[in-house]
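The structure under discussion appears below in the form of C-alpha cells.
Taken together, the values in this text are just the output of simple stated rules run on the coordinates, not laboratory data. This structure is a prediction, so every number in the text was calculated from the model and none was measured. No Cβ is skipped: glycine too gets one built from the backbone with ideal geometry, and neighbour counts run over all protein chains shown.
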Amino acid sequence: MKRLFVLAAFVFIAAIAANAQNKANFAGSWSLDKSKSQGLDQRMADADVTWAITQDDAKISIESKVTGGQAPAAGGGGGRGPSGPRTYTLDGKEVTTEGGGQMGGTNTTKATWAADGKTLELMSVRAGSFNGNDFKATTTDKMSLSGDGKTLTVVRHSESPRGTTDSTMVFNKQ
C-alpha cells in the first residue's frame, strides 16, 4: 500500500511539472500586423504598435509602444502609455493596485491559463473617477501563439463608458 501511495504521489508531481513546462512562453518583441488584425480602433489602425513581453514562471509583463496615430482617450481601457507596462502574476490570483495620476482609482488584474497551457487570458479592471465622474473599464485579452511561435494572436474584449469593442490583434515576432 505504501508503494502504491509513493507511486501515485510521484505520478502526480510529474504531471504537475510537465504541465508547467508545457505552458506557452510569450516573451519577445512583437510588431502588430495590421493587415491580419481586425477591429482595431483608430489609434492603433493609424500607428505602429510594438509589444515587448517578458515572462517567467511567476509573472508576465507587456510594454506597449505606440508611435504615430491619435493620442489615447482619457480613461480608456486596454493599454497603458508612458505610465509603464501591464504586469500580471501567473498564479491565478487577482491583484489590485492603487492607480496614480489624475484619475487615481484602482486596477485589478488576473491571469488565467487555459487547461492546455497554450492560451493565457489576461483580465484588467480599471475603476476610478475622471472629472468627477466614476468609471469602470474592463479589458480581457486571450493570447495564443502559432505552432512555430512566430505569430502572437490576441483576441481582445473591452467594456468602458465609451462602449463595448472586440478586436483581434495579430503580432509577428521581431
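With N the number of residues in the stretch 93-146, Rg(Cα) / (2.2 N^0.38 Å) evaluates to 1.39. Placing pseudo-labels 7 Å out from each Cα toward the beta carbon at ASP33 and THR67 gives an inter-label distance of 2.1 nm.
Extension gain, ALA45-ASN172: 0.36 nm per intervening residue step, less the Cα-Cα distance, totals 44.1 nm. Using Cβ point charges alone (K and R +1, D and E -1), the dipole size of the stretch 25-173 about the Cα centre works out to roughly 180 debye. Could you work out how far apart the two model spin labels at ASP91 and LYS150 are, taking each label as a point 7 Å from the Cα in the direction of the beta carbon, and quote it in nm? The modelled label-to-label distance comes out at 3.8 nm. Segment ASP57..GLU159, full-extension length gain: 33.8 nm, with 0.36 nm per residue of separation and the alpha-carbon distance subtracted.
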